[in-house]
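The values are calculated or read from the model by the stated rules, or taken from the named source; none is laboratory data. Quick caveat, the model's predicted, so the values are computed rather than measured. Note that each Cβ is placed from the backbone with ideal geometry, even for glycine, and that neighbours are counted across all protein chains shown.
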2 protein chains.
Amino acid sequence: MASKTLSIKKNILSANAEKADETRGLLDNSNILMINIMSSPGSGKTSLLMQTISHFKDKYGIAVIEGDVASSIDADKILSQSIPAVQINTGGGCHLDANMVRNAIEKFDLNKTDIIFIENVGNLVCTADFDLGSHKNAVILSIPEGDDKPRKYPTMFAEADIVLVNKIDVLPHFDFDIAAFPELITGFNPSADVLLVSTKTGEGMDKWFSWIEAGLKEKIKIH
Amino acid sequence: MASKTLSIKKNILSANAEKADETRGLLDNSNILMINIMSSPGSGKTSLLMQTISHFKDKYGIAVIEGDVASSIDADKILSQSIPAVQINTGGGCHLDANMVRNAIEKFDLNKTDIIFIENVGNLVCTADFDLGSHKNAVILSIPEGDDKPRKYPTMFAEADIVLVNKIDVLPHFDFDIAAFPELITGFNPSADVLLVSTKTGEGMDKWFSWIEAGLKEKIKIH
């Protein structure tokens, strides 16, 4: 049973990786940067996106793929920004996959798009296993969740290109060793950037915006 | 593909439910109450358990099943309380299942056990689908996660016998409509209790302890 389950999982992941690579090729041809945003429920994915869209929407063509288990609460917020957005309702599924994302991308006008953000399902476990065809993985960990999460959910943090430590404004109210945190992440993932931000006060958001623009420039230089 | 996946999932869930029912019967014969604690990562499952064990361990036989994706951080904390505890390391799996729990239970001396607590994997999606053979499901939602989570992860809240709203001590620092929250839960799940607690300050914990003892008494009355 266990080995049969493992073999099914391996096949699913390998088909997923193939589709993801194909998607990345398609985006590369159009000079589009795609960023997959992952975190626990309530870490601040939607708030981060709302501020990021506001900041960039007059400068770049932004599109959003919004993953939800149920409801359209987040998608409705994103649509209020008047940018192209597609909601994927997984109907109970715990993560997005490369097929779902590809179908969503085909609804965008790629000639008018520079950056696609994916808001994945709120889940630190399942989402880490599925390559969606994005160029960058951004993982949010919020201060109230605690500084032990990278050790408890190592795959997610090993896959991250950037770790955003959100809700830095409430640091005084929680036991979170912020001084030791960047080194902890480096231990799992030497190439990941770590940024301290507050989507509420705006602290650190300029560095996140610069990180995105650096990703865009890197993309244009390569192609 | 989709229907094949659905059918595999249906078979897995039905085998799981059968094993869970069998486990419940076994526990009923020994007058043991089993409570499955679920939440997002970082909502306070381990803190709640630590305080609950301290409160009850001289009065009742307590045992703990500790579910983790990786690491033994939580299990080590629980073992420091000198009570029987079994760690299940899912090796990347996003939830416990009835088989894993049954194997763990067989390591306890049931004649010396009154209450078994399960700390499930930190995940608001996958854990909700798997009956573990417990008598009660306790779901923790912490204030920083936001009051929209029941609408975004409805299955979890529909399965709850009790919803513990944790970190109530930091309420002034977050936008969480606490006045409207109990009614929101009632909308999903009319029979669920809602308790406001802080595992940090101890606020509301007496009501949680009373809820557990009411569950124990109910159990003894039935058998």
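General remarks:
- Every condition in (1) away from chain B (no Cβ under 12 Å); (2) not in a loop (DSSP other than H, G, I, E, B) holds for A:ASP76 except the one numbered (1).
- Among the residues making up segment A:28-46, those that are in contact with a strand residue (DSSP E or B) (Cβ under 8 Å, 6 or more places away or on another chain) and more than 16 Å from A:ILE212 (Cα to Cα) are A:SER39, A:SER40, A:GLY42, A:SER43, A:GLY44, A:THR46.
- The residues in segment A:54-71 that are without any contact (Cβ under 8 Å) to a residue 60 or more places away in the chain, more than 14 Å from every other protein chain (Cβ to nearest Cβ) and surrounded by 15 or more Cβ atoms within 10 Å (Cβ to Cβ) can be counted, and the count is 5.
- Selection count, segment A:86-131, where residues are surrounded by fewer than 20 Cβ atoms within 10 Å (Cβ to Cβ), of a type in the set (S, T, N, Q) and modelled with pLDDT of 95 or more: 4
- Extreme residue, nearest to A:ILE140 (Cα to Cα), among residues of segment B:159-169 that are of a type in the set (Asp, Glu) and more than 9 Å from chain A (Cβ to nearest Cβ): B:GLU159
- Those residues of segment B:112-136 which are free of Cβ contacts under 8 Å to residues at least 60 places away in the same chain and either outside any loop (DSSP other than H, G, I, E, B) or acidic (Asp, Glu) (or both), in sequence order: B:LYS112, B:CYS126
- Of the residues screened, B:MET156 is one that is closer than 21 Å to A:GLY44 by Cβ, outside any strand (DSSP E or B) and either away from every other protein chain (no Cβ under 14 Å) or hydrophobic (A, V, I, L, M, F, W, C) (or both).
- For segment B:82-119, the set of residues classified as farther than 19 Å from B:SER54 by Cβ and in contact with a Lys or Arg (Cβ under 7 Å, 6 or more places away or on another chain) consists of B:VAL86, B:ALA98, B:ASN99, B:ARG102, listed by residue number.
- One residue stands out in segment B:21-53 among those that are in a loop (DSSP other than H, G, I, E, B) and either within 16 Å of the chain's Cα centre (by Cα) or within 14 Å of chain A (Cβ to nearest Cβ) (or both): the one that is nearest to B:PHE108 (Cα to Cα), namely B:ILE32.
- The residue of segment B:125-153 that is nearest to B:GLY215 (Cα to Cα), among those that are at the interface with another protein chain (Cβ under 7 Å from one of its Cβ atoms) and touching a strand residue (DSSP E or B) at 6+ places or on another chain (Cβ under 7 Å), is B:SER142.
- If you go through segment A:170-206 and pick out every residue that is assigned to a helix (DSSP H, G or I), more than 14 Å from chain B (Cβ to nearest Cβ), surrounded by fewer than 15 Cβ atoms within 10 Å (Cβ to Cβ) and not acidic (Asp, Glu), you end up with 1.
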